[in-house]
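Worksheet: one structure, shown below.
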Protein chains: 2
Amino acid sequence: MSEALRIGVAGLGVVGTGTLTVLDRHHQLIAERCGRPVTVTAVSARDRRKERGLDLSAVRWFDDPTAMARDGEIDVIVELIGGAEGVAKDVVETALAHGKHVVTANKAMLAHHGTAFAARAEEAGAVLACEAAVCGGIPVIKTLREGMAANALQAVYGILNGSSNYILSTMRDTGREFGEVLADTQKLGYAEADPSLDVDGIDAAHKLAILAALAFNTRISYDEIHVEGIREVSALDITYAEELGYRIKLLGIARLADGGMEQRVHPCMVPKTAPIANVEGVNNAVVAEGDFVGNILTEGAGAGQGPTASAVVADIIDVARGTHLPTFAVPASSLQPVLSRTMSEHQGGYYLRLMCLDRPGVLTEITAALRDEGISVESMVQRGRGPAGEPVPIVITTHETQEAGMMRALRAIEHLDAVLEPPRLIRIEDL
Amino acid sequence: MSEALRIGVAGLGVVGTGTLTVLDRHHQLIAERCGRPVTVTAVSARDRRKERGLDLSAVRWFDDPTAMARDGEIDVIVELIGGAEGVAKDVVETALAHGKHVVTANKAMLAHHGTAFAARAEEAGAVLACEAAVCGGIPVIKTLREGMAANALQAVYGILNGSSNYILSTMRDTGREFGEVLADTQKLGYAEADPSLDVDGIDAAHKLAILAALAFNTRISYDEIHVEGIREVSALDITYAEELGYRIKLLGIARLADGGMEQRVHPCMVPKTAPIANVEGVNNAVVAEGDFVGNILTEGAGAGQGPTASAVVADIIDVARGTHLPTFAVPASSLQPVLSRTMSEHQGGYYLRLMCLDRPGVLTEITAALRDEGISVESMVQRGRGPAGEPVPIVITTHETQEAGMMRALRAIEHLDAVLEPPRLIRIEDL
């Protein structure tokens, strides 16, 4: 058996301790699968005295993770500190500068610096691997970079944030509103005290940036992503979605269209029959469309200690086995710039919910505004009747149209006297 | 760019021509992803004159694929002839004996000779890769061998045969019986003229043998698999399954239990809410249960020209990139023998449908037979009333029990005077 692969772990939070646990518990199994032992020889974290349930007596301790990243007796630095800048970035840069392989779960850092880091890794002859950065335990990076490598991809999309999916699933199951369900979700530990990364779509956008680069062999272009979260999704919209044969999911979507690339994160109505519509709770799922293979879906736990550690260790095992591939499937120098399509160019169907006075002529005014933009109505529902003077919902779905025209129609509709609240718009994805 | 990887393709049927098409259409893309060109330099098939829509003028032709497998100017032999024995086997043995890498889609051959071939490949320092052999385009082998490599696996199961899944899906959608739907499926080209490989579970068992070896790092043990097909599934059972909250799927299941391994292919009742219950039509899907990552599902096209060729070329790309891993995740010498559990040891719930005379005392006789074996009834449905003398269905589901006792109870029930037809039994899988 060859000599051990020496690992230094920077950051001993949930994922760091999980990683050490996996490497310890499966030491023998991993050695068999790699043809060599994988040994943690050093760790670094903020507080040495904190009780972590780990025996670190045989491991070198570094107060300074950047010093560890320079250490001559470590082959792979595992960066689990987090954050796009600061210490995490220093550690990765230092490790690569010293020719070490880097395994990281840091999606924010890669969304901002992924292309540059991939180039540095290649110059150094080192691996920069990040399976754990996208959808936790699901081997989606491997699927895109290797499993589907024979295909030109047309699109990659998915449920990339478990907290948001849990909230939307729970809203549907219970009929309750976003705010209430969010509060419960925080109590359960499925959402952070500051839920913004999750429910405002930022976390999903970080992951989408990485997936798009991998799928289309383009440079990371996080800043080009259109991002909307789920705060505006109401119980009423979820009910109407069900009636219309849809489910509301927060999707991240990267798609080639007319020579450009759309990258967007927003709530979508997806047909109930689409495989991704049935991905519930905290699970994540990603679908990639290849020209020969068709659609491949992968589903599993997108976060959590065990699943994320599983992906970190899978990357380490790849390194130990000698699988040294470019971070984004092709050499960084071959990554193409992104020609982005703006949202106003987006083509698709739309769901509109308007809260209107129930009086003659309202429907005519609304449909005229749509007609003026050449928008064709697919279905319209007005039902029930509130107390006098209370608004009633009118729900419209449209055939495929261009977003620019839809936005103009929406502004016209918003200004109608009979329309009492800002219209709600949700894009329909015919997946 | 490094020198080209030279490919020889043996067999130019549907998958062979698909493979050449992928390698031709994506020649540039693949070269970028591999850091070197991948070039088909030789082919072999039975009839040189057959029109295949391919330009083979720049490629060497071999009438004898075994001669091609010996050729000094080929790095990888792609075996797409098929069949467990005969020419396909000769080609693979010859290629490995000459130190060439082998990529194959031949599940029957691997189910019978996989362990021995993996050992030969290792001795020769060659890769033996078979992603296309299991579920066509879905990268399930890569997921088990690499993506989940940090886990000890507890189970792997899936919808491994698209034709059977299509037939069961269509039976459910249309309410028609197996024979009729099979005939239509054959007309559509989704089932062979001799459908036995598909509907009798043999094809699924070939794939399960490979998945089990990969998941548990054991020797291939195809002969130990318990195999039942879908010929006995009736429209009536499908209707009852729906009512009870289940769908009927033909699953291949390999699971560790009490220190042994169950390997079985048979129709199952799975909860409608299980992700795998929603895999419809010709799609395949595989779920693997890891101790850290939990359940990972992969779904996609399990057969067809494009998807299968996609998997063949993914294996070729791995070779071109220098990813050289053991066929079944660990060296062949480390593959453990299988300690099989017999079906009589199986523990699970059961669905029973009995066609009985509608007369007093029948239910007592039946439930007594179950009680005598310590089997606990979960639900019982007797409904409607046929013309006098016609049998009525009685449907029973049981709590988890051991199969040996269930079979004894079934024999007792079968001999009751009031039970007019052989009982139908379908195992319930609480996935």
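Taking the average, over residues, of other Cβ atoms within 10 Å as the packing measure, peptides B:162-168, A:125-131 rank B:162-168, A:125-131 from highest down. What separates the residue B:73 label point from its copies, with the point 7 Å along Cα to Cβ, is 5.3 nm, written shortest first. For residue A:350, the residues 5 or more places off, or on other chains, whose built amide H falls under 5 Å of its own are A:398, A:428. Helix B:14-25 and the longest principal axis of the Cα set of chain B meet at an angle near 50°.
What angle do you read, to the nearest 10 degrees and between 0 and 90, between the alpha-carbon axis of helix A:305-321 and the longest principal axis of chain A? Tilt of helix A:305-321: around 50 degrees.
Of all beta bridges DSSP finds with both residues in the protein assembly as shown, what is the antiparallel percent, to the nearest 5? Percent antiparallel among DSSP bridges in the protein assembly as shown is about 65.
Normalised by the number of residues in chain B, the average gap of Cα pairs under 8 Å and 6 or more apart makes the relative contact order 16 percent.
Each label was represented as a point 7 Å from its Cα along the Cα-to-Cβ direction; for residue B:407 and residue B:27 these points are 5.8 nm apart. Across the identical copies, the 7 Å label point of residue A:339, projected outward along Cα→Cβ, sits 6.2 nm from its counterparts, in ascending order. Sorting B:380, A:109 by the number of Cβ atoms found within 10 Å of their own Cβ, with the fewest placed first, yields B:380, A:109. Taking 30 Å as the limit for the C-alpha separation, the pairs B:50/B:249; A:107/A:187; A:249/B:187; A:142/A:249 exceed it in the case of B:50/B:249; A:249/B:187. In this structure, the amide hydrogen of residue B:261, modeled 1.01 Å from its nitrogen in the peptide plane, lies closer than 5 angstrom to those of B:339, B:340, B:341, counting only residues at least 5 positions away or on a different chain.
For peptide B:31-40, the mean count of partner chain Cβ atoms within 10 Å of a residue's Cβ comes to 3. Shielding of peptide B:146-159 by partners, expressed as the average count of other chain Cβ atoms within 10 Å per residue Cβ, is 6.
Per-residue Karplus couplings for the stretch A:322-338, computed as 6.51 cos²θ - 1.76 cosθ + 1.60 with θ equal to phi - 60°, are listed in order as x, 7, 10, 10, x, 3, 10, 6, 10, x, 4, 5, 8, 5, 7, x, 8 Hz, Gly and Pro entered as x. A label point on residue A:47, set 7 Å along the Cα-to-Cβ line, lies at 7.6 nm from each of its counterparts in the other copies, closest listed first. Once C-alpha pairs closer than 8 Å and six or more residues apart are averaged by separation and normalised to the residue number of the stretch B:106-176, the relative contact order reads 20 percent. Among beta bridges from DSSP that stay inside chain A, the antiparallel ones total about 65%.
Taking only the alpha carbons of the stretch A:346-428, we obtain Rg and Dmax values of 12.1, 39 Å in that order. What the Cβ-Cβ distance of residue B:344 and residue A:154 gives, at R0 = 41 Å and to the nearest 0.05, is a FRET efficiency of 0.25.
Taking Cα centre as origin and charging only the Cβ of basic (Lys, Arg, +1) and acidic (Asp, Glu, -1) residues, the dipole magnitude of the stretch A:5-133 rounds to 240 debye.
Within 10 Å of the Cβ of each residue in A:74-81, the mean number of Cβ atoms contributed by other protein chains is 0. The string of couplings for the stretch B:151-166 from the Karplus curve (6.51, -1.76, 1.60, θ = phi - 60°) is 10, 7, 8, 9, 7, 9, 8, x, 8, 9, 9, x, 4, 5, 5, 5 Hz, one whole number per residue in order, with x for Gly and Pro.
Judged by the ratio a/c of the largest to the smallest principal axis of the C-alpha gyration tensor, the protein assembly as shown counts as rounded, that ratio being less than 1.5.
Between helix A:178-188 and chain A there is an angle of about 20 degrees, using the helix long axis and the longest principal axis of the Cα atoms. Look at the alpha carbon pairs under 8 Å that are at least 6 residues apart: their mean separation over the length of the stretch B:141-291 gives a relative contact order of 38 percent.
3J(HN,Hα) along the stretch B:63-78: 6, 10, x, 5, 5, 4, 5, 8, 5, x, 10, 10, 9, 10, 9, 9 Hz, from the Karplus curve 6.51 cos²θ - 1.76 cosθ + 1.60 with θ = phi - 60°, whole Hz, x for Gly and Pro.
Values quoted throughout were computed directly from the atomic coordinates according to the rules given, and no laboratory measurement underlies them. Everything quoted here is computed from the prediction, not taken from an experiment. Cβ: placed from backbone, ideal geometry, glycine included. Neighbour counts: every protein chain shown.
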